[in-house]
Structures are given as C-alpha cells and as structure tokens.
C-alpha cells in the first residue's frame, strides 16, 4: 500500500543527473532576495505568504553520483555549512496550503529561484519538467 502524500513537491535541478552544483551560501543569497523567505544558517528555509495563506518548505540537497540524495550539509563540519555543495533543491508544499486552482503561486517562486541558478523546475507530482512561463503557450492547444 502506498502512503498518502502530505506534500506537493517541486524540485529544482540543472538536469536529471544534477550535474551542476552551487555553494549553499549562493543559494542563501538568492533566497534572501525573495519576499517572504525565511532563511537560517542551514539547508532549510521556509517561504510564507500570509495574505494568501501559502507556505512552502525549501530544502537544499546533494545528489551523489550513485543517486543517493542527502541534506546538503550532511557530514559538513560545524561552521562550514555555507561551503556545502547544493545540486538539487526540494520545494515541499503541505497539501493544507495548496490552493484549489493548483500550485501556480508556488511555481512562480520555484521559477524565480531556478532562473537565478540556470536550473529547471521538475514537478514531482506530474513527473515532468515545467516549461518557463515565457515559453508556455498563451492558449491551450486545440483538441
């Protein structure tokens, strides 16, 4: 039996192999420039928009060559977290904060972060990369 999902997940990564990494301190700078983002000194941040009742958890991760995924700061000596490599970012939206029309308000934030890094947004629920807004069709394709 599959567990019931409690989050809607988006991932940010350069490609399927997560072949490009950035230092965690660079990600902190990008996140701190986003209104409503609360960044600590670790691999975890939270974005909130209280007016629209939106909450998203941001987790910096590292995917090794074997495919094993860990927290970006796992095994890093205390005080050296800022120099940890990040090659994957997990954005988790608790289902209680997912608006009825869908994840679009969160996708906007995800695309902002991904664009700053030169990465792409992966929708883990739909199991596909999302096209950037400027490349999406303005009208739905004909049926």
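A short reminder: the numbers here are calculations on the coordinates, not readings from a lab. None of these values were measured; they are calculated from a predicted model. FYI the Cβ positions are ideal-geometry reconstructions off the backbone, even for glycines, and counts take in every protein chain you see.
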- Within 10 Å of each residue's Cβ, count the other Cβ atoms and sort 56, 37 from fewest upward. 37, 56
- Message: Eigenvalues of the Cα gyration tensor times 5, then square-rooted: what semi-axes does that give for the chain, in whole angstrom, largest first?
- Response: 25, 18, 16
- Task: Would you calculate, for the chain, the mean residue ellipticity at 222 nm contributed by helices, counting each DSSP H stretch of 4 or more residues as -39,500 (n - 2.57) and dividing by all residues, to the nearest 500?
- Result: -5000 deg cm²/dmol
- Item | Stokes-Einstein D in µm²/s, Kirkwood radius over Cα pairs - the range 28-102 at 37 °C with 0.692 mPa s viscosity | 241
- Query: Tilt of helix 104-117 relative to the longest C-alpha principal axis of the chain, in degrees (0 to 90, nearest 10)?
  - Reply: 40
- Using the 10 angstrom Cβ neighbour count as an exposure proxy, how do 43, 17 rank, fewest first? 17, 43
- residue 83 versus residue 32: modelled label distance in nm, points set 7 Å from Cα along the beta carbon direction: 1.9
- Query: Rounded to two decimals, what ratio of Rg to Rh does the range 64-121 give with C-alpha atoms and a Kirkwood Rh?
  - Reply: 1.06
